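Following: one structure in structure tokens, then a few remarks.
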Amino acid sequence: MRASVLNVAAAAMALTGLCEAADVEAWKSRSIYQVMIDRFARTDGSTTAECEAYLFCNGSWTGLINKLDYIQDMGFTAVQISPVVKNTEDDTSVGEPYHGYWTEDIYEVNHHFGTADDLKNLAAELHKRDMFLMVDVVVNNFAQGFDNKIPPKVDYSKFVPFNNEDYFHPYCNVTEWENATNYQDCWLYPYGVALADLDTESPKVVNVFNKWIKELVSNYSIDGLRIDAAKHVNDAFLPSFVNASGVFAFGEVLTGVTEDMCRYQTMNLLPGMPNYLDYYPLNAAFNGGSLIDVENMRKEARTGCTDPLALGSFIENHDMPRFAAVNPDMALAKNAMTYVLLNDGIPTVYQGQEQHFSGNSTPFNREPLWQSGYNTSAELYVLAQKLNRARNNAIKLSDLYATTPSDTLWADVNHLCTKKGPWGSQIVFCVNNKASNGDAYSVSIGGFQPSDSVVELVSCTTATADATGNITMYMGAGEPKVYITASAMQGADLCPQTTVDGPKTVTKSGAASVMGAAGGVLMTVVVGVATVLLV
Ligand SMILES: *[C@@H]1O[C@H](CO)[C@@H](O)[C@H](O)[C@H]1NC(C)=O
Ligand SMILES: *[C@@H]1O[C@H](CO)[C@@H](O)[C@H](O)[C@H]1NC(C)=O
Ligand SMILES: *[C@@H]1O[C@H](CO)[C@@H](O)[C@H](O)[C@H]1NC(C)=O
Ligand SMILES: *[C@@H]1O[C@H](CO)[C@@H](O)[C@H](O)[C@H]1NC(C)=O
Ligand SMILES: *[C@@H]1O[C@H](CO)[C@@H](O)[C@H](O)[C@H]1NC(C)=O
Ligand SMILES: *[C@@H]1O[C@H](CO)[C@@H](O)[C@H](O)[C@H]1NC(C)=O
Ligand SMILES: *[C@@H]1O[C@H](CO)[C@@H](O)[C@H](O)[C@H]1NC(C)=O
């Protein structure tokens with residue numbers, strides 16, 4: 001009797017578990033904040049600790065737990081963390097493995113970041129907040145310091161559990177980036193550290209990894225994976241590994257070519273990938289290029305990939321120079337943030353993007369976040385918070401929001417405007433690449449119903465749709481525009497106060513200053529140059 005009650009309870013729990021399973025559909029309505037553990041928060045909470053770019057700066061899982069409010073208050077509903085397993089302690093000529101990518105033992109957690117219990121606490125704290133945990137895993141290689149003499153001499157006995165050379169591909173350097181056999185079987189980057197390339201074709205390696213990932217996910221209550229260097233592992237390894245994990249995975253496939261990216265979905269190798277397809281045209285468009293190229297890539301991905309909504313939308317990560325390293329303009333950074341958070345797919349914001357960090361190539365793009373003082377008034381923090389809230393709210397209003405592909409309303413060299421979500425929950429956004437000295441002008445844009453009252457979230461201004469459902473966008477200073485209906489605002493904590501939108505003023509000197517004209521009453525700046533009004 002008792003046993004059967006328990007069985008019913010267990011069955012019910014299993015069902016609940018299924019409903020809550022972090023599968024691809026569940027992830028589509030999430031928004032991810034990417035953390036590099038060593039560089040996010042220290043256990044001592046220091047905001048002044050020095051940090052040497054190539055060395056450990058001593059961030060920890062407990063440090064992250066203590067700063068989850070900073071992430072959750074920005075509206076994120078998932079956290080992606082850097083790898084968690086023990087790394088080599090070798091002294092290398094390219095620094096210490098503060099990033100976590102230099103695996104030595106997959107059965108031990110990385111004590112630099114905390115204990116196994118700390119990691120379990122992190123998952124528990126996230127789940128208490130209804131947030132997901134994504135963990136980065138490395139399956140392509142193990143690592144060891146070496147003396148830069150080629151071929152690398154590796155002491156395989158140090159590796160757990162792959163403790164002899166039979167588990168690895170024989171050394172060759174990746175040289176042919178178009179030849180899959182070469183970039184999958186040879187070793188990546190033999191400088192200062194030998195990245196011993198696992199023989200992921202071998203059934204022994206496959207079985208160990210599949211058993212391991214199932215345990216790791218279960219032991220630490222992980223909701224999703226990022227698979228590092230997925231492109232450098234043989235194809236057949238990936239689907240069985242993802243299936244064994246039982247959770248959603250992004251696989252890192254570094255390519256801007258639609259066929260090379262989308263084949264991972266069409267061949268059922270991976271459920272999702274960080275969206276490197278958008279990454280390149282997006283960066284180009286914000287740096288003198290055209291937003292039409294972004295629109296064209298969106299069209300390509302939509303027909304080429306089987307599930308474009310499972311791609312991870314991003315503009316920064318730990319491998320690429322910061323957006324602000326290339327262009328420090330704040331208006332452009334705001335447009336990039338807007339595109340990432342409101343575009344189709346799963347938004348992924350890398351720590352520090354919200355603080356407008358400007359570090360260049362690795363490791364300088366891995367600045368410790370504590371040096372920002374976790375400033376929740378920073379302009380991009382406030383914007384990300386608003387946009388995440390708007391997206392979360394749209395998802396609450398319609399469970400079809402995240403899974404409905406957006407419609408393009410307008411694309412030209414300088415603008416990309418889309419509408420996403422069913423009526424009532426829709427968000428209309430326009431990004432532009434005019435930058436902070438952008439001119440003032442107005443544009444009519446659709447996406448609503450006749451006479452709808454709408455709110456523009458970036459400036460917290462209101463407008464009314466005309467008889468065709470169009471609204472007038474008053475552009476200026478390169479600011480992005482984000483509209484929702486006034487009725488969707490109810491209880492969403494988005495704009496506590498609003499004013500009526502109207503034309504902007506801009507000085508002829510080219511240094512535009514937007515005056516946030518309220519109620520159609522135009523304020524002008526007298527700065528010794530003629531002030532013109534462009535509508
Ligand atoms: C990090 O901790 C190690 C000891 O584990 C210490 O030697 C090192 O100085 C610390 N680094 C920083 C930046 O605090
Ligand atoms: C490895 O190949 C790359 C080209 O992919 C080349 O730049 C590098 O010098 C080679 N390194 C060694 C150690 O052979
Ligand atoms: C591709 O790379 C493999 C491994 O390095 C090599 O054996 C093979 O000849 C290459 N194929 C072509 C077509 O170059
Ligand atoms: C998971 O936990 C079990 C029980 O403590 C342990 O035997 C196993 O090694 C752990 N596996 C991983 C990958 O952490
Ligand atoms: C996927 O995993 C399930 C359960 O672990 C297993 O029964 C099934 O055979 C696996 N399928 C594939 C294609 O590997
Ligand atoms: C936080 O950011 C705001 C907006 O950029 C700035 O005005 C303020 O000085 C910053 N606070 C600190 C402590 O740096
Ligand atoms: C309404 O907006 C669309 C773009 O969304 C534009 O093509 C159309 O010309 C606008 N209609 C009017 C009457 O301005």
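The values are calculated or read from the model by the stated rules, or taken from the named source; none is laboratory data. These numbers come from a predicted model, not from an experiment. When we count neighbours, we look across all protein chains shown, and the Cβ atoms used for this are built from the backbone with ideal geometry, even at glycine.
Go through the stretch 393-418 residue by residue and tally those that are surrounded by 19 or more Cβ atoms within 10 Å (Cβ to Cβ) and either over 17 Å from W27 (Cβ atoms) or of a type in the set (A, V, I, L, M, F, W, C) (or both).
11
Does Y264 fit the bill of being at negative phi, surrounded by fewer than 23 Cβ atoms within 10 Å (Cβ to Cβ) and in the same structural domain as I32 (by TED's automatic domain parsing)?
no
M261: under 19 Å from the mean Cα position of the chain (by Cα) and away from ligand 2 (no atom under 16 Å from the Cβ), yes or no?
Against the criterion (under 19 Å from the mean Cα position of the chain (by Cα) and away from ligand 2 (no atom under 16 Å from the Cβ)), M261 qualifies.
Considering only residues of the stretch 169-209 that are polar (S, T, N, Q) and surrounded by fewer than 17 Cβ atoms within 10 Å (Cβ to Cβ), which is nearest to ligand 7 (Cβ to nearest atom)?
The qualifying residue nearest to ligand 7 (Cβ to nearest atom) is N179.
So, R366, is that one of a type in the set (K, R) and assigned to a loop (DSSP other than H, G, I, E, B) or not?
Answer is yes for this residue.
Please work out which residue is nearest to L387 (Cα to Cα), limiting yourself to the stretch 287-339 and to residues that are touching a Cys at 6+ places or on another chain (Cβ under 8 Å) and in a loop (DSSP other than H, G, I, E, B).
Per the stated criteria, the residue is L311.
Out of all the residues in the stretch 193-200, is one or more within 16 Å of ligand 5 (Cβ to nearest atom) and modelled with pLDDT of 95 or more?
yes
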